[in-house]
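Each value in this text was obtained by applying a stated rule to the coordinates, not by laboratory testing. None of the values given here were measured: they were computed from a predicted structure. Every residue, glycine among them, receives a Cβ derived from its backbone with ideal geometry; neighbour counts consider all protein chains shown.
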Amino acid sequence: MNPRTSPEVSGMGHAMKRKEDPRFIRGQGHYVDDIQLPGMLHLGIVRSPFAHAKIKSIKTEKAMKVPGVVAVITGETLAQYNLHWMPTLMSDTQMVLPTEKVMYQAQEVAAVVASDRYAAADGVDAVEVDYEPLPVVVDPFKALEPGAPVLRTDKKDKKDNRIFHWEAGDRRAVDQEFKQADVVVKQDLYIPRIHVASIETCGCVADFDRAMGKLTVYMTTQAPHAIRTVFALVAGHVGLSEEKIRIVSPDIGGGFGGKVPVYPGYVIAVAASVVIGRPVKWVEDRSENLQADSFARDYHVSAELAAKKDGTMTALRIKTIADHGYTDAAANPSKFPAGLFSICTGSYPFRQAFAEVDGVYTNKPPGGIAYRCSFRVTEAVYTIERMVDILAHQIGVDPAQLRLKNFIRPEQFPYKSALGWEYDSGNYGLALEKAMAGIDYAGLRKEQAEKRKRGELMGIGISSFTEIVGAGPSKQFDILGIKMFDSCELRVHPTGKALVRFGTKSQGQGHETTFAQIIAEELGIPAAHVQVEEGDTDTAPYGLGTYASRSTPTAGAAGAMAARRVRDKAKKIAAYLLEVGEEDLVWEPGKFSVKGAPQRAKTIQEIAFAAYTNHPPGVEAGLEAIDYYDPPNLTFPFGSYICVVDIDRGTGEVKIRRFLAIDDCGNVINPMIVEGQVHGGLTMGMAPALLEEISYDEDGNIQGGSFMDYLLPTAMETPRWETDRTVTPSPHHPLGAKGVGESATVGAPPAIANAVVDALWHLGVRHVDIPITPEKVWKLLREHGAAAG
Amino acid sequence: MIPASFDYQAPKTLDEAVALLAQRRNEAKVLSGGQSLLPLLKLRLGQAALLVDIGRIPGLEYVKEEGGFLRIGGRTRESVLERSEIVRSRYPILADTTAVIADPLVRNLATVGGNLAHADPANDHPATMLALGARLLARGPKGEREIAIDDFFKGLFATALEPEEILTEIRIPLPPPKSGGAYLKLERKVGDYATAAAAVQITLGKKGEVMRAGVALTAAGPTPVRAREAERYLEGRMVDAAAASEAARLAAGAARPTADRRGSVEYKREMARVLVARALAKAAQRAEGR
Amino acid sequence: MAQHQIRVNVNGTPREVQVESRLLLVHLIREVWRLTGTHVGCDTTHCGACTVLLDGEPVKSCTVLAVQADGRELATVEGLEKDGKLHPVQEGFWEMHGLQCGYCTPGMMMTGYALLQRNRKPSEAQIRQAISGNLCRCTGYVNIVKSIQYAADKLR
């Protein structure tokens, strides 16, 4: 796609070097832990070693005697202000600090405020808590059994551990399809709990200015406005008022969804600052981050797929048990407790589908969607792409051919799925064929056949995913009632430079560059002259933040719309300056000229200057606009990934030999940044497929609570990703763009899992749960008589 | 993340260091590279009232062949070992071993002596030193003594070193001609401890038969495991596929791994077998000069 | 709680300070000297976000005591730029999109810088090996390798 603008202007399509990099490469990034304010204190948190226990007593005398310790806060302290419990983003409730019992290992129990972090650590060590362990429930199936201990004793009439039941589709019609099906494929799939583990952990500096009555919180948050409103609602009764709350998201070292929830540490720090009247910093350790912060996945899926004997897929039926931990603190849009799981029909035109999800309480940290998953889309895509592959192998059809045969056709778009989504655009066959050509699929199948004769194990796995992002249209989407529009406020200065602010918040996605490129595209002002700001709720227009790949679809659209409004006004000014009617003007990026007399023109810079020095009578001075964009629909990025693996028959190790990713995110703003997003997403898709898992023993002790056992891939485990693209614009987005941040995390795991099973299918293996560890593979090889020395 | 308080001293001589350790017996710890000790202190899993930093004592870091031995100073950093020409060309088993310890950054500080003295059975040098038949030099208040590697590892995190002793040198007998060795480590990712690892050092005779074999396992018990049955089996034999297979089987029989997230007992034992076979093949290749 | 007077040469400038025995080098750098370019990312010596050069060798400053740096040369990311001119490693990361959130970047650059001092033409495999003690969650490492290759080319 050839860019419309010159490299100097650098609108859409240019691989512009990032505008935010100069500070980062100098080590001048401004992250929360870099902030030091006069008089600042440090917060350390005492955490429970037990997964479920009554708190019999908390003794703070020793801690108070530790030099530097200023205060110890307990649930009783907060209860005085009714702040010991607070709502979650899913309208459940969570403890800030407990007064009766703890419900997961590493839960916050008390907090120590001290002069520096060393004293705080010593203070934490000196707090004495006496616990009485209670029976622990870690298995969600056991949690649902009659007679299981009811965990949420704080909920007056609760008699079980169910959270919600959600379903989509026509159950009866689906059952009918299955009765008539030639082929039925069934598979249980467990998608384990994982943790996003961005390299920067979570934290804040809460600064309550008593004289002004104003609270400022510098916070690792992906959604600063939502946080501000939540604080105002939750702590309004203790005097915090929304016009005097300022949330500042500075530079964030990776979010990926893990920095959306409101963690107790934030609230405690705020309470401490309000009560003590000094700034309070809380920054968690990595172990705290892994053991207590919002997790992702933990879906126990039972899937069934119905098909005709020629491989035409007809129906899909899925039942899922969702382990949410002790409270539902996922950050889904409120009407979607299972997120957008209903995208599980994927890239295929199922006549009928039915999906149900039952959420369950267990003695584990709360959460559910914090890991680059687009609101449960990783789970949905993993399920459908595994099932399609199992079907292909079961009936003996090549997995690529089966997909090509079944795909929704380009002419069927906009396509209404059996579960109610209207996919905006897609060309699935093109992407898959491009991937197959790029990796020489036919050659690989030949090689595999030859290797198989020699007993060598090689596998090829495909994933042809459809993503669903850009939440979302106000008729369906809200978080705690706040609609999921997003916003842009654009102001052009007299010298033709622009300042633009958004309601989103980049944590590495490059908005300071890509959003500047959007403005450059629409107005012809060089992107280098467009200053992008996000994250300060005192100045940025209201938005719902950055997660679930929503920024380009919503805020990016708002940027385009605001710029067009500015252009409309610029046209009026140009017409006035050129003394022609608006209908006589022609626009090209950066200037209006007179039809038929192109030498008579005004540049956007000249127009901007005139907006302040010579604006038309009857028109206000200035050149700015604000847009709140309510998207008419979600957008549906898609792609096809092909993964080639080789398996060591002695050790069971899986090595990714090649991985080619073809992504389609519609029109591309900055191809370099898009490619970077894909590289990172692929790595975060590989990690759960092969390495990452958080699990609990029967006492609720976490396994994988530090980087010793929670395994992040290094540059050695990560292959050299190969990427390419197709471009199928979104018909409803002002820029035709779709968003791409999470596509690769969504698409990669099934490609890898499919490759491993493909390598082992001829031995009788049909499924391996992720993470596919060497031991799992080795066990299967042994069971099927194929292990070797 | 923050250790509890402790005192710190950085003596300039070995005698001073030893005297400090003797003075504060049982509450003082030697700080060498610190890449095992400091992580423990930061998690408040280990305790020390005094750290005695031996990093300012000159003359403790060297790699040289002298008097019939390869002599490695106790405070030699892994990165120095990794880059040593002597080690790369004549002690490939050591080159293999040092290259898989932790990661390159940790290796710029971690020391060979520390790796041995810390006695985590998952540390990599112990098995290799067993296979090489190394001897260790310890300096204490009563002077210097030599400890045979077979007598060094006493139990989980326990060695023959007295609390007031410092490991000053590792001595490896110069390998005779037609010697070769290999260390193979199965790890979940770079930087991890071994799921299983095997050290094999062999010397071949004129006909290519094994004259001497050292076979040892990492992460296969509370201490590094010397697979003596496998060693005895190999003596006098040619290293062909059948012999390698049997030696590996015997070695795995000596393994007593514990189950953890890296693997079940059965898997780890099996991997010990697979790795010994592969390491033996590689050692034989290197012994033949291939 | 013993206090120690130490002198460290930081990015070419000698600094003298009094520290507690247990003060970690990364905290001396960040909290006392306010050089916040070096970051903390974990508590088990895995992530490498805290990488600095001690006597020219890249080390994890979270696992070094401040007192151990006494009398030694310390180089942090702030010292890469000289007289307003970016070091080729910094240029490389900018040109080749070697960073996204920027949090692991100082550590990566210091490791890259040290690698290039020792190996002027590293292969991709050697680069990946050299940075295997530095974790990144954003980039998938591909462009980090390219950034260091760019710097190697520039330096030659």
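Things worth noting here:
- Dividing the summed -39500 (n - 2.57) terms of all DSSP H runs of n ≥ 4 by the residue count of chain C sets its mean residue ellipticity at 222 nm at -8500 deg cm²/dmol.
- Taking Lys and Arg as +1 and Asp and Glu as -1, the other residues whose beta-carbon sits under 12 Å from that of residue C:38 total -1.
- Residues A:40, C:110, B:238, A:484, sorted so that the one with the fewest Cβ neighbours within 10 Å comes first: B:238, A:40, A:484, C:110
- Listing A:166, A:282 from fewest to most neighbouring C-beta atoms within 10 Å gives A:166, A:282.
- Across peptide A:108-117, the mean count of Cβ atoms from other chains lying within 10 Å of each residue's own Cβ comes to 1.
- Using a Förster distance of 56 Å, the FRET efficiency for residue A:211-residue C:13 (Cβ separation, nearest 0.05): 0.90
- Extension reserve of the residue B:4-residue B:90 stretch, reckoned as 0.36 nm per residue once the Cα distance is removed: 26.6 nm
- Proxy reagent accessibility, fewest Cβ within 10 Å first, across A:664, A:157: A:157, A:664
- Most mobile of B:89, B:264, B:179 in a GNM of chain B (Cα contacts under 10 Å): B:89
- Rounded to the nearest 20 debye, dipole of the protein assembly as shown from Cβ charges on Lys, Arg, Asp, Glu: 2080
- Bridge orientation summary for the protein assembly as shown: considering DSSP beta bridges with both residues in this region, about 85 percent are antiparallel.
- For region A:755-769, 3J(HN,Hα) per residue [Karplus equation, 6.51 cos²θ - 1.76 cosθ + 1.60, θ = phi - 60°, Hz, x = Gly/Pro]: 5, 5, 5, 4, 5, 10, 4, 5, 8, x, 8, 10, 7, 10, 6
- Computed 3J(HN,Hα) for region A:402-418, one whole-Hz value per residue from the Karplus formula 6.51 cos²θ - 1.76 cosθ + 1.60 where θ = phi - 60°, is 4, 5, 4, 5, 8, 2, 4, 7, x, 6, 8, 8, x, 10, 9, 7, 4, glycine and proline marked x.
- Scattering curve values for region C:28-156, log₁₀ I(q)/I(0), Debye with Cα scatterers, q = 0.15, 0.22 Å⁻¹: -0.65, -1.39
- Checked against a 23 Å cut-off, the cross-linked pairs A:101/A:364; B:42/B:64; A:159/A:364; A:155/A:364; A:19/A:572; A:451/A:779 give Cα-Cα distances beyond that limit for B:42/B:64; A:19/A:572.
- Proximal charge balance of residue B:26 [Cβ under 12 Å; K/R count +1, D/E count -1]: 0
- Between the amide H of residue A:247 and those of A:217, A:537, A:538, distances stay under 5 Å, these residues lying 5 or more places away or on another chain, with hydrogens modeled in the peptide plane.
- Taking a sphere under 11 Å around the Cβ of residue B:51 and counting the other residues whose Cβ falls inside, with K and R at +1 and D and E at -1, yields a net charge of 0.
- Taking amide H atoms as placed 1.01 Å from N in the peptide plane, the amide H of residue A:600 lies under 5 Å from those of A:594, each 5 or more residues away in sequence or on another chain.
- Rounded to the nearest whole Hz, the Karplus-based 3J(HN,Hα) values (6.51 cos²θ - 1.76 cosθ + 1.60, θ = phi - 60°) of region A:709-720 follow the sequence 10, 9, 9, 8, x, 9, 5, 7, 7, 8, x, 7, with x at glycine and proline.
- Distance between the pseudo-spin-label points of residue A:2 and residue A:153 (7 Å out from Cα toward the beta carbon): 7.3 nm.
- GNM result for chain B, Cα springs below 10 Å: residue of B:160, B:49, B:254 fluctuating most strongly: B:49
- Within region A:307-333, backbone nitrogen closer than 19 Å to the virtual label 7 Å beyond the Cα of residue A:172 toward Cβ: A:315-318
- For chain A: rounded, prolate or oblate by the Cα gyration tensor [a/c cutoff 1.5]: oblate
- In region C:28-72, the convex hull through the Cα atoms has an average projected area of 3.1 nm², a quarter of its surface area.
- Other-chain or far-sequence residues with amide H under 5 Å of residue A:299's (modelled H): A:191
- About its Cα centre, region A:344-419 has a charge dipole of approximately 140 debye under the convention of +1 per Lys or Arg Cβ and -1 per Asp or Glu Cβ, with nothing else charged.
- Our compactness index for region A:1-62, the C-alpha radius of gyration over the empirical 2.2 N^0.38 Å, is 2.37.
- Inter-label distance, residue B:265 to residue A:309: 5.1 nm, where each label sits 7 Å from its Cα along the C-beta direction.
- Residue-averaged [θ]222 nm for chain B, counting only DSSP H segments that reach four residues, each worth -39500 (n - 2.57): -9500 deg cm²/dmol
- Adding -39500 (n - 2.57) for every DSSP H run of four residues or longer, then dividing by how many residues chain A holds, sets the calculated 222 nm ellipticity at -8500 deg cm²/dmol.
- Here the simple spin-label model places points 7 Å from the Cα toward Cβ, and for residue A:475 and residue B:158 these points are separated by 7.4 nm.
- Lysine pairs within region B:148-290, Cα separation less than 21 Å, 8 or more sequence positions apart or different chains: 9
- The GNM of chain B, with springs linking C-alpha atoms under 10 angstrom apart, assigns the highest mean-square fluctuation among B:43, B:136, B:20 to B:43.
- Between 0 and 90 degrees, the angle of helix B:265-287 with respect to the longest Cα principal axis of chain B falls at about 70 degrees.
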